[in-house]
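Encoded as C-alpha cells, the structure appears first; notes follow it.
The values are calculated or read from the model by the stated rules, or taken from the named source; none is laboratory data. Because the structure is a prediction, the values reported are computed rather than measured. Methodologically, a virtual Cβ is constructed for each residue, glycine included, from the backbone with ideal geometry; neighbour enumeration extends over all protein chains shown. With ligands, DNA and RNA removed, areas are computed over all heavy atoms of the protein, side chains included. Shrake-Rupley method; radii C 1.70, N 1.55, O 1.52, S 1.80 Å.
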Amino acid sequence: MLDPTPLIQERLSQNRWGLLGGQGCILGFDVGSYGLRAALVDLSRHTYVSAHREPERETPQELVGGAIDLGNELLAAHGVTAAQLVRVGAGFGGPVDVRQGIVLLSPRMPGWERYPLREMFENAFDATCLVDNDANLIALAEATFGVGRDTQHMVYIHLSTGVGAGLVIDGRLYHGATTTAGEIGHAVVGPVDPTRPGERPKTLEEHVSIKGLLNRAAELGLHTNLLSDIFSDHPVARQVVAEAIDILAVRIAQIVALIDPQMVVIGGVVARNGGEAFIGAIQERMHMYIGQMVERPVKLVGAVLGPDSVVIGAVALALESMRD
C-alpha cells in the first residue's frame, strides 16, 4: 500500500491555499468509514501525521467521542495546543448536509438521523469545522494529493458496502442544489421489466456493492460471503464480474459524456479486490460505449491513497475553506 505522507507533505510545501495556508494546524477526521482515523497537519512545517483505531462500538456518541479522543491524543503527542488549530475537517460514511454540517442518516445503523457532526467537533476543538461524506472526501483527496493531483476535472467512483461518487470540477467539490450530488448508487439501472410492472429495477448499489455482487453470485449458484471468491476463477464468479464491468462501463461512459472529466478514479474495497485487471476491463469497455463522443481518451485509474483517504480528504476540505 502506498504511503501517502510524502505526497501530502510535498503538496503542502507548495502552499496553494493563500496566506492562511501557511500557518497553524489542521485536524482531519474519518468517523467510521475506515474505522476511526485522525490526521494532524502543521501548515508551517508541512508535516502530516495520522492515527487509527478500530471502534469497539458504533453508536454516534461513541464513534464521535472516540474520534475526538484520538484527535486530542494527536495534539498532545505533537505538542500542539487548541489555540494553534485553524480548521477541522470531518468525513462520514453516509449522506451529509454540507451546508448545515449534519449527518442526514447512516445506511448501516440508526441513530445518526440529523446528527450535528459539525457542532460536536467545533465544541470539542473551538475551531471552524467542515464536514462531508466519505466519497466526496476521497474524491477531493485524490484530486489534491493523490492520483488526480494534476487535474482540475475528476470523477471518483466508490465501490464498497455502498456505491457513491464525488465530483471535482474546476478544482472544487461539486455538491449540487441540495449537497447530495454524487449519490449515484441510489439510481436505478435499466428500464422497468414489462413482465413485472410493479417491481422497480435494481439500483447501481444493488448491482455492484459488496452485497450486490454476493447476492448475484448466490442467484447463479455460488454461495459465499467472501468478496475474494467473486474475483476468483469460478465460472459463476467470472459471470458476476463480467456483468459488473458492463454495468459500470455504461454508467461511467454516461458520466464522461455529461461531465467531460480529465480522469475517472475508482476506489473502495471492491476495486481493491478486483485490482488492475478489473479496472482495466472497465476502461476498455467504457471506451467502447463512449465511441466518438469525446475527442480524447479519458483515463480510468485506481485510487492510491488507501485507508487514510477519507481523513486526507477532510484535511483537503479544511484547506479549501481557507482559500475562499
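With respect to (1) touching a Lys or Arg at 6+ places or on another chain (Cβ under 9 Å); (2) on the phi > 0 side of the Ramachandran plot, the lone exception for His207 is condition (2).
Within the stretch 296-319, does at least one residue satisfy the condition of being of a type outside the set (S, T, N, Q), at pLDDT below 95 and more than 22 Å from the chain's Cα centre (by Cα)? Yes - at least one qualifying residue is present in the stretch 296-319. Restricting Gly275, Gly268 to residues that are in contact with a His (Cβ under 7 Å, 6 or more places away or on another chain), in contact (Cβ under 8 Å) with a residue 12 or more places away in the chain and at positive phi narrows the list to Gly268.
Restricting to the stretch 180-211, give me the number of residues that are part of a helix (DSSP H, G or I), touching a residue at least 24 places away in the same chain (Cβ under 8 Å) and in contact with a strand residue (DSSP E or B) (Cβ under 9 Å, 6 or more places away or on another chain). Before the answer, list the steps.
From the stretch 180-211, those part of a helix (DSSP H, G or I) are 184-186, 204-208, 210-211; that's our starting set.
Okay, now just the ones that are also touching a residue at least 24 places away in the same chain (Cβ under 8 Å), so 184-185, 204-205, 207-208, 210-211.
Subsequent filtering for residues that are in contact with a strand residue (DSSP E or B) (Cβ under 9 Å, 6 or more places away or on another chain) retains 184-185, 204-205, 207-208, 210.
Residues flagged as part of a helix (DSSP H, G or I), touching a residue at least 24 places away in the same chain (Cβ under 8 Å) and in contact with a strand residue (DSSP E or B) (Cβ under 9 Å, 6 or more places away or on another chain) within the stretch 180-211 amount to 7.
Checked against the criterion of being under 16 Å from the mean Cα position of the chain (by Cα), within 27 Å of His175 (Cα to Cα) and either of a type in the set (Gly, Ala, Ser) or open to solvent by 10 Å² or more (accessible area, probe 1.4 Å) (or both), the stretch 20-30 contains one or more residues that satisfy it. Each residue in the stretch 136-172 was checked for being open to solvent by 30 Å² or more (accessible area, probe 1.4 Å) and farther than 13 Å from Ser33 by Cβ, and 8 pass.
For the stretch 294-318, give me each residue that is assigned to a loop (DSSP other than H, G, I, E, B), touching a residue at least 24 places away in the same chain (Cβ under 8 Å) and surrounded by fewer than 17 Cβ atoms within 10 Å (Cβ to Cβ).
The first filter runs over the stretch 294-318 and keeps only residues assigned to a loop (DSSP other than H, G, I, E, B), leaving 294-298, 303-305.
Subsequent filtering for residues that are touching a residue at least 24 places away in the same chain (Cβ under 8 Å) retains 294, 298, 303-305.
Selection gives Val294 alone.
When only residues in the stretch 191-211 that are touching a helix residue (DSSP H, G or I) at 6+ places or on another chain (Cβ under 9 Å) and either open to solvent by 80 Å² or more (accessible area, probe 1.4 Å) or not polar (S, T, N, Q) (or both) count, which is nearest to Val163 (Cα to Cα)? That would be Glu205.
The residue list Ala67, Ala39, Ala82, Ala77 contains one member that is small (Gly, Ala, Ser), surrounded by fewer than 21 Cβ atoms within 10 Å (Cβ to Cβ) and at pLDDT 95 or above, which is Ala77. Inside the stretch 228-274, residues that are farther than 19 Å from Ser209 by Cβ and either part of a loop (DSSP other than H, G, I, E, B) or open to solvent by less than 10 Å² (accessible area, probe 1.4 Å) (or both) make up a count of 7. Residues of the stretch 39-56 that are under 21 Å from His158 (Cβ atoms) and in contact (Cβ under 8 Å) with a residue 60 or more places away in the chain: Ala39, Ser50, His52.
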